[in-house]
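Student: Take a look at the following structure, please.
The values are calculated or read from the model by the stated rules, or taken from the named source; none is laboratory data. Model, not experiment: these values are computed from the prediction. Note that we place each Cβ from the backbone using ideal geometry, even for glycine, and neighbour counts take in every protein chain shown. Ligands, DNA and RNA are stripped out before the accessible areas are found, and what is left, the full protein with its side chains, is counted by its heavy atoms. Shrake-Rupley method; radii C 1.70, N 1.55, O 1.52, S 1.80 Å.
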Amino acid sequence: MSASFAIRPIGLLRAAGIILGKDLLIEWRTRARINALVFFAVATLLLFSFALGPDVDLLRQNAAGYMWLGILFASVLSLSESFRVEAENATLEGLKLVPTDPRAVFLGKACGNAVMIFALCLILLPVMVAIYDVSIAEGLPKLSLVLAIGCLAISAPGTIFAAISANARARDVLLPLLLFPMLVPALLSVVKATALVLQGDLQDSLRSWLGLLCCFSVIYWALGFAVFPKVIED
Amino acid sequence: MLYVTIALFALAVGLFALHLFWAKARGWVWKAVAVLGGAMLPAGAYFGLSWAPSEQDMGEVYRIIFVHVPMVWAALLALVVNFVASAAYLFKRSWTSDSLGEAGAEVGVVFGVVGLLLGSIWGRPTWGVWWDWDPRLTTTAIMLVLYTGYLALRKFVDDPEKRATWSAVVGVIAAVDLPIVWFSVRWWKSIHQVQSNPKTIDRSMFVVLVFNVVAFMCALFVYLWHRFLIAKAARAREVALPSALPPAGPQEAA
Amino acid sequence: MSFLTHAMLAQVGQGRIEGGWEYIWAAYGLTWLSLALYGVSLWLRRRSGEPPKELS
Amino acid sequence: MPATAGAVSTAAQPAAASLALDIRDVSKRFGPRWALARLSYTLPCGLSLLLTGHNGSGKTTLLRMLATAIAPSAGKLLVLGRDAVAEREEVRRDIGLLSHSSFLYEDLTAEQNLVVLARLLGIASPKDVAGQLLTRVGLTARSNNPVRQFSAGMRKRLAIARLLLKSPRVALLDEPFSELDPAGIAEVEKLIVTLREAGTTVVLATHLIEQGRALTETRLHLTEGRGMGE
């Protein structure tokens, strides 16, 4: 056979990068899906204000909480989508048989999900400013740092649970059921941190909430890296 | 208090290990524990309801502590069993640890839900509300939802190997999450937090409490053991080799 | 025991709680009922005559 | 690290073991059903195997176990002398699986699908290689269309290109002729001959027994998950 190609094993990070690139390419090629996701999240934000009435002070006070709930709901959809793509033609199995290190699959997928959720955050931010009347101008660098760490905190456990529930029955129920209680610490700290950035940090407690958030992220990225091979290798 | 608790936990774990690894004990130890627990539970209830003195601030209502605390501790211990079994499964696949994880989670959720309800019943006359966003209450509630998710996952996966692996992963992650939940909720409610102080409890109350804890540990042990047997029998049915079929290679068939 | 002390602090200034036996009976009743029901459910789910096979 | 790991021009290399496949008392259970029951079979190196049997007789299960996509419930499988469970990584480098699932990303184009795989395999200049292979399976004209728009036959061709990209030492082909037009079937037959000439062990599961017989030396017939030999 003439066409024998020079195959050489590649490193973990390189493989993760290829998977990340592939996921982002797929997301780019199916932009309609992202648009739908964004509208879903915006609709959630609007619904909060409808449900609570036009009390501007109340909305402004709770803006951080509503925004993260909107992001959380949308990210569940995005997470399960990221493994539905892999389930369509058993491509996850195809990746495994290449062979690709499952840990590279975790890193690639979790980074891809983090990028997606972060993009969602950036789109929701102006919407939040408009409908909840908060001002973000002064704390923008801090705010983007909080948002970025928050997205990392959601994406690692989200990726593990999405991979598990993608192959179970009733996966649409299972993913939020597993993920939401898990994410309580991340949600609490990211909402607190966001609120502190938006409303001013009088007692200088932003640092400790960010610390908790970082701890959570680091633990779950490490845990995911360690257990993901078990999750996808039967 | 702490040492008594640790000693009791160690005793319960030891009993369980005895059952798992020493086949001869299986027939009678649990029966002895069941008889002991069966005798201690009514006695504990009697001590709790009438023998223990009434409390200086809370009057009689505090007597709920004698069922609430042992119940929640039993739930926690069951979930510790789940964590140990899950971690063990990830290190070495075995149907024993898988079944033990299932048993621990279910018994833990049952005891935990009852314990939470008891706390709520206690909260009504003392705090005036059924639910207070106390860190301990909140953490317990989140914990129960987490392990309900674990049990749901077990229900929704048909392949026994996949179910075992995935639920072990979820069991480990849930256990890792609990301390973080505890800290985050405590910070979140930092204004309300009151440090525990075991010295506020009367000697005779303490004795009654320990007595009840022992009784509940007996009950927990018996329940856990039987739930484990059920799980293991279910696994055995699921994974039984087709022993009815003779080994058929092409050699014989040809 | 933060439950206990917490409850005690909540009562400061309100004096001692009187009565409340209906809550105590409810709690003990719930405990016994749930223990019994769970025991029954385990009994119903048991596999009689099928000793657990030794699995790997 | 075995000498073959990462080696490539596998065609010229002599096989490390004398048996290409060694299946030892293998059973596989799906839920309560036994897809494969106590199957034992050996295939010497250099021979190719035709796998036949009715639907549900366990052909796909066997191929997927050999490909290490699923693990046996009991028993042992050796591929080129390596355990398909314990040495999964090495076995995966040696095998290529053409499965019922195409392993193709629906939203990527034909070319992108191959490029992603080529990158993961560490192949230099993945684009050129992808182009070469697309020509070989006759999909050059559609290389920039997303797979979602492909017909079943075109997907099959692309899946075959995916298999060729890996140049496996053991090719596991599950129904390679299905969904192809007569010209496509002839091309796949020619391809199998080429693979065999290059020293690849081919395991072919198909219902087209006549075509299959012409391409292989031995045959294993499965009934109800049990091997019947020939």
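Student: Say we join alpha carbon atoms closer than 10 Å with springs in a Gaussian network model of chain A; which of A:Phe39, A:Phe118, A:Phe180 then has the biggest fluctuation?
Tutor: A:Phe39
Student: Carbon-plus-sulfur fraction of the accessible area of the protein assembly as shown, 1.4 Å probe, in percent? Don't skip to the answer; put the middle values down first.
Tutor: Details: 20230 of 31620 Å².
About 64 percent, which is the carbon plus sulfur part of the accessible surface.
Student: Report, in order of residue number, the helices in chain D meeting two criteria: a C-alpha extent of 20 Å or more along the helix axis, and a mean Kyte-Doolittle hydropathy of at least 0.0; treat each whole DSSP H run as one helix.
Tutor: Working: long enough: D:152-166 (22 Å, 0.35); D:182-197 (23 Å, 0.44).
Once both thresholds are applied, what remains is D:152-166, D:182-197.
Student: Let me ask another. Peptide B:120-127: average number of partner chain Cβ atoms within 10 Å per residue?
Tutor: On the way: counts 1, 9, 8, 5, 3, 9, 10, 4.
Rounded to a whole number, the mean comes out at 6.
Student: With a 1.4 Å probe and all protein chains left in place, how much accessible area per residue does the protein assembly as shown have, in Å²? Present the calculation step by step, with values, prior to reporting the outcome.
Tutor: Numbers: 31620 Å² over 774 residues.
With the other protein chains kept in place, the protein assembly as shown gives 41 Å² per residue.
Student: Let's see if you can work this out: charge +1 on each Lys and Arg Cβ, -1 on each Asp and Glu Cβ, no other charges. What is the dipole magnitude of the range A:12-233 about its Cα centre, in debye to the nearest 20?
Tutor: On the way: 16 positive and 15 negative charges, 106 e Å.
Here the range A:12-233 has a charge dipole of around 500 debye.
Student: Can you give the three extents of the C-alpha atoms in the range B:1-124 along their principal axes, from longest to shortest, in whole Å?
Tutor: Principal-axis extents of the Cα atoms in the range B:1-124, largest first: 53, 29, 25 Å.
Student: Could you check which residue among B:Ala85, B:Ala32, B:Ala52 shows the biggest mean-square fluctuation in a GNM of chain B with a 10 Å Cα cutoff?
Tutor: Between B:Ala85, B:Ala32, B:Ala52, it is B:Ala32 that shows the largest mean-square fluctuation.
Student: Okay, moving on. Report the A-D buried area as the accessible area lost on both sides summed, probe 1.4 Å, in Å² to the nearest 100. List each step's numbers first, then the result.
Tutor: Values: alone 12480 and 11070 Å², together 19840 Å².
Using a 1.4 Å probe, the pair buries roughly 3700 Å².
Student: Shifting gears a bit: Restricting things to alpha carbons, tell me how big the range D:50-160 is in terms of Rg and Dmax, in Å.
Tutor: That works out to 16.2, 47 Å for Rg and Dmax.
Student: Taking N as the number of residues in chain A, what is its Cα Rg relative to 2.2 N^0.38 Å?
Tutor: Working: Rg = 19.1 Å, N = 234, 2.2 N^0.38 = 17.5 Å.
Normalised Cα radius of gyration, chain A: 1.09.
Student: Give the distance, in whole Å, between the Cα centre of the range D:15-65 and the Cα centre of the range A:159-234.
Tutor: Each part's Cα centre sits 43 Å from the other's.
Student: Roughly how many debye, to the nearest 20, is the charge dipole of chain D about its Cα centre, given +1 on each Lys and Arg Cβ, -1 on each Asp and Glu Cβ, and no other charges? It would help to have the intermediate numbers written out before the result.
Tutor: On the way: 28 positive and 22 negative charges, 78 e Å.
It works out to roughly 380 debye.
Student: Same structure again: Mind checking the log10 I(q)/I(0) for chain D at q = 0.10, 0.16 Å⁻¹? Debye, one equal scatterer per Cα, no solvent, two decimals.
Tutor: -0.44, -1.16
Student: Then there is this: If you place +1 on the Cβ of every Lys and Arg and -1 on the Cβ of every Asp and Glu, how big does the dipole about the Cα centre of the protein assembly as shown come out, in debye to the nearest 20? It would help to have the intermediate numbers written out before the result.
Tutor: Details: 70 positive and 57 negative charges, 254 e Å.
Taking the Cα centre of the protein assembly as shown as origin, the dipole is about 1220 debye.
Student: May I ask which residue of D:Trp34, A:Phe40, B:Cys218 lies farthest towards the positive end of the charge dipole of the protein assembly as shown, with charges of +1 (Lys, Arg) and -1 (Asp, Glu) on Cβ and the Cα centre as origin?
Tutor: The residue sitting farthest along the positive end of the dipole is D:Trp34.
Student: Also: So in the protein assembly as shown, what percent of DSSP beta bridges are antiparallel if you round to the nearest 5? Write out the running numbers ahead of the final one.
Tutor: Values: 19 of 36 bridges.
Bridges in the protein assembly as shown that DSSP calls antiparallel: roughly 55 percent.
Student: What do you get for the angle between helix B:160-188 and the principal long axis of chain B? Use alpha-carbon atoms, 0 to 90 degrees, nearest ten.
Tutor: Helix B:160-188 sits roughly 20 degrees off the main axis of chain B.
Student: Take the cross-link list B:Lys155/B:Lys232; A:Lys96/D:Lys166; D:Lys28/D:Lys76; D:Lys59/D:Lys156; A:Lys109/D:Lys166; A:Lys96/A:Lys230 and give me the ones stretching past 21 Å between alpha-carbons.
Tutor: Values: B:Lys155/B:Lys232 15 Å; A:Lys96/D:Lys166 13 Å; D:Lys28/D:Lys76 11 Å; D:Lys59/D:Lys156 19 Å; A:Lys109/D:Lys166 23 Å; A:Lys96/A:Lys230 12 Å.
Beyond 21 Å: A:Lys109/D:Lys166.
Student: Sorting check: for B:8-19, B:144-155, which peptide has the highest mean count of neighbouring beta carbons within 10 Å, and how do the rest follow? Could the numbers behind the result be given before it?
Tutor: Working: B:8-19: 15.8, B:144-155: 20.9.
Descending mean neighbour count gives B:144-155, B:8-19.
Student: Looking at the range A:201-215, which residues lose a minimum of 10 Å² of accessible area between their chain alone and all protein chains in place, measuring with a 1.4 Å probe and not counting ligands or nucleic acids?
Tutor: A:Ser208, A:Trp209, A:Leu212
Student: Also, I was wondering about something else. With the convex hull built on the Cα atoms of the protein assembly as shown, state its orientation-averaged projected area in nm². Please list the in-between numbers first.
Tutor: On the way: hull surface 150.5 nm².
Value for the protein assembly as shown: 37.6 nm².
Student: Taking a quarter of the surface of the Cα convex hull of chain B, what do you get in nm²? Please list the in-between numbers first.
Tutor: Working: hull surface 68.1 nm².
Average of the hull's projected areas for chain B equals 17.0 nm².
Student: Once both axes come from the Cα atoms, what is the angle between helix B:135-156 and the longest principal axis of chain B, in degrees from 0 to 90, rounded to 10?
Tutor: So the inclination is approximately 20 degrees.
Student: Students often check this: by mean Cβ neighbours within 10 Å, which of D:65-74, D:121-130, B:37-46 ranks highest, and how do the rest follow? Walk me through the numbers before you get to the answer.
Tutor: Values: D:65-74: 21.7, D:121-130: 18.2, B:37-46: 16.6.
Per-residue Cβ counts within 10 Å, averaged per peptide and sorted highest first, yield D:65-74, D:121-130, B:37-46.
Student: What is the helix-to-structure angle for B:65-91, meaning the angle in degrees between its Cα long axis and the longest Cα principal axis of chain B, kept from 0 to 90 and rounded to the nearest 10?
Tutor: Orientation of helix B:65-91: about 30 degrees from the principal axis.
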